[in-house]
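Everything on this sheet refers to the single structure shown next.
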């Protein structure tokens, strides 16, 4: 008899489909009738119960770590002040809430929108989340993973892996778009810089971070200012010592193809503080110089004789991109470098650096 009754009810409900405002009305009616027949309640969405703010925050964090689109929570003693959305304010995740409160008991669905870089980095940390990426993000993730594995395969040290990643980024991408204050969101992302071949500091730093993590390097983000403008870069830990690495500043606009600069490759607090500012108390100190690019490779010039020897040696090795630091030696103009490259078959010599003081110099020859 019960089976016959269910069939009749189902037929009645289905016959109402055309007249209903939408399918949700039909589904709701079916659930209510079915629940009455079975003598049970039929919940719209399973809700997790939380009894304290700490449990609430833990559930939200868990959902964000798993890149959930939304979660529904049941909160017996709800307080709008205790469970204020402002506590969830984050650059990585935007949270909205919708629900109801009845006699102090709340049932709320929290929906999440993720920063594309956060999504990519979460998937890197836990590849079970790969399907949370959209099609383009999946393509980029796979390309970055394969590229990283390829460029570090012959690197025997952490320094070599870091250098390979740094050079790959500065060689293949450019800072942009330039000349606009309305930078598209895409230019901030790993997906944007990889697909469009250009991006701003956030994209550079996140791509460098992601590739370094894939290469088993210990890196972290630094947020602050560079020349008075909001900026993001990275720190790396090599043999227990921390160094600043600013890939964006090593690839300045306008872009010059295959120009490699190392002004901010593994530098100290003291060195980078001439142009960068950050909350030092929130980050490790960077005082070591062992893995600074120029120190590590002995690209330090201390006299005119050493400069001549260094330039000649670089040219004899076929280098067309040369970088060095002066220490205890002052260059007053680019001519002191250009004169050493004369009659060597180059029609263009570009030099960057600060004259009249110890500085890092980069020479590009064509």
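Here are a few things to note about the model shown:
- The simple spin-label model puts a point 7 Å past each Cα toward its Cβ; for residue 347 and residue 156 those points are separated by 4.1 nm.
- Evaluated at q = 0.12, 0.22 Å⁻¹: base-10 log I(q)/I(0), Debye formula over Cα of segment 43-115: -0.28, -0.99
- Relative contact order [Cα under 8 Å, 6+ residues apart], the chain, whole percent: 8
- Per-pair calculated FRET efficiency, R0 = 35 Å: residue 87 and residue 290 via Cβ, rounded to 0.05: 0.25
- Nearest 10 degrees, 0 to 90: helix 158-172 Cα axis against the chain principal axis: 90
- In summary, the convex hull built on the alpha carbon positions of segment 231-366 has an orientation-averaged projected area of 8.8 nm².
- Value of [θ]222 nm, deg cm²/dmol, for the chain, DSSP H segments ≥ 4, -39500 (n - 2.57) each, nearest 500: -11000 deg cm²/dmol
- As a rough guide to protection, the peptides 206-213, 278-285, 60-67 ranked by mean Cβ packing within 10 Å, highest first, stand as 206-213, 60-67, 278-285.
- Rounded, prolate or oblate (a/c below 1.5 giving rounded, otherwise prolate when a/b exceeds b/c) for segment 137-237 by Cα gyration tensor: oblate
- Three-way shape label, segment 246-323, alpha-carbon gyration tensor, a/c 1.5: oblate
- Between the labelled values (i) 51; (ii) 33; (iii) 41, the entry that holds percent of Cα pairs over 32 Å apart as derived from this structure is (i).
- The label point for residue 77 and the one for residue 223, both projected 7 Å from the Cα toward the Cβ, are 3.4 nm apart.
- Fewest-first ordering of 233, 56 by other beta carbons within 10 Å of each residue's beta carbon gives 56, 233.
- Between segment 292-335 and segment 59-106, the alpha-carbon center distance in angstrom: 58
- Most fluctuating residue given options 269, 84, 241, as computed from a GNM of the chain linking Cα atoms under 10 Å: 84
- The modelled label-to-label distance for the pair residue 304/residue 66, using points 7 Å beyond Cα in the direction of Cβ, is 7.1 nm.
- Each of 155, 286 has some number of other Cβ atoms within 10 Å of its Cβ, and from fewest to most they run 155, 286.
A short reminder: the numbers here are calculations on the coordinates, not readings from a lab. In this text the structure is predicted, and so the values were computed from the model without any measurement. Using ideal geometry, Cβ is built from the backbone for each residue, glycine included, and neighbour counts are taken over all protein chains shown.
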